[in-house]
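> Below is a structure I'd like to ask you about.
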Amino acid sequence: GPDQFVVGMVGRIERYKGHEDLLLGMAELPDDLRRRLLLVIVGTGPDDELERLRRMAEHLGLSARIHFSGYVPGDSVEIAGQFDLLAMVTKDFEGFGLAAAEAMAAGTPVLATAVGAVPEFVTSEIAMLVPPESPGDIARALAAIMRDPDAAKARAALARAHIEGFSAAIMSRRFHRLLSL
């Protein structure tokens, strides 16, 4: 519906990726926000992890608010552009955070955990950053984004301009310059 808020999580479904933290955060949302939110989990993973997340969603009363799409072929930036928000809530390590970068390139607001290399290219000016393994912080960030989507869109516009500095050509020139010293 027009009032629905679609959050996407894209990538391999593994325990360290923080899906459970997002589910727990969703469960903490006030009823009016939780009823509007739809979480689309794009990706595959071990059957036991998918089943664990499904059971958790059922236990939390969120089954109707979550869709496991499996693998979706196509351009990942276009897929990220379908969401009102991309969540990347990794628990303890993220080498780069490609899903966040693709969402930024699509102009989609991002909610991410400050882990690994993510804080090197994602700041609080261009996305919502939360500590890892913190469902309460995730819930507060989701509520803030849902209540003020214009602020989230403004951050996303800044993020789109910012991520252009991370193209393959630009990064190659920077590495070449660095290695030429």
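The values are calculated or read from the model by the stated rules, or taken from the named source; none is laboratory data. A quick note: this is a predicted structure, and the numbers were derived from the prediction, not measured. Virtual Cβ from ideal backbone geometry, glycine too; neighbours counted across all protein chains shown. When the accessible area is computed, the model is the full protein with side chains, heavy atoms only, and any ligands, DNA or RNA have been set aside. Shrake-Rupley method; radii C 1.70, N 1.55, O 1.52, S 1.80 Å.
> At 7 Å along the Cα-to-beta-carbon direction for both residue 120 and residue 160, put a label point, then send me their distance in nm to one decimal.
2.6
> Related question: By how many degrees, 0 to 90 and rounded to 10, does the Cα axis of helix 168-179 deviate from the longest principal axis of the chain?
That works out to roughly 50 degrees.
> Can you compute the modelled spin-label distance between residue 63 and residue 14, with each label point 7 Å from Cα toward Cβ, in nm?
2.9
> Using the charge dipole of the chain (Lys, Arg: +1 at Cβ; Asp, Glu: -1 at Cβ; taken about the Cα centre), state which of 93, 151, 121 has its Cα farthest towards the positive end.
121
> Using only Cα atoms, tell me the angle between helix 135-147 and the longest principal axis of the chain; keep it within 0 to 90° and round to the nearest 10.
Tilt relative to the chain: about 80 degrees.
> If you don't mind, another one. What FRET efficiency, computed as 1/(1 + (r/R0)^6) with R0 = 25 Å and r the Cβ-Cβ distance, is obtained for residue 179 and residue 93, rounded to the nearest 0.05?
Values: r = 26 Å, r/R0 = 1.05.
For R0 = 25 Å, the calculated efficiency reads 0.45.
> Give me the dipole magnitude in Debye, nearest 20, for the chain about the Cα centre, with unit charges on the beta carbon: positive for Lys and Arg, negative for Asp and Glu.
Using only the charged Cβ atoms, the result is roughly 340 debye.
> Next question, about the same structure. Of all the Cα-Cα pairs you can form in region 103-181, what percent are over 19 Å apart? Walk me through the numbers before you get to the answer.
Details: 1360 of 3081 pairs.
Beyond 19 Å sits 44 percent of the P(r) for region 103-181.
> How much of the accessible area of the chain, in percent, comes from carbon and sulfur atoms when a 1.4 Å probe is used?
Reported share for carbon and sulfur atoms: 55 percent.
> Is the shape of region 6-142 rounded, prolate or oblate, going by the alpha carbon gyration tensor and its root eigenvalues a ≥ b ≥ c, with a/c under 1.5 for rounded and a/b larger than b/c for prolate?
rounded
> A further question follows. I'd like the orientation of helix 19-28 relative to the chain: the angle between its Cα long axis and the longest Cα principal axis, in ° from 0 to 90, rounded to 10.
50
> Still on this structure: For the chain, build the charge dipole from Cβ charges (+1 Lys, Arg; -1 Asp, Glu) around the Cα centre, then report which of 59, 166, 6 sits farthest towards its positive end.
166
> Counting only the heavy atoms of the protein chains, how much of residue 93 is accessible to a 1.4 Å probe, in Å² to the nearest 10?
Per-residue accessible area (residue 93): approximately 120 Å².
> Express the accessible area of the chain per residue in Å², computed with a 1.4 Å probe while the remaining protein chains stay in the model. Let's see the in-between values first.
Numbers: 9210 Å² over 181 residues.
Spelled out: the 1.4 Å probe surface of the chain, per residue, equals 51 Å².
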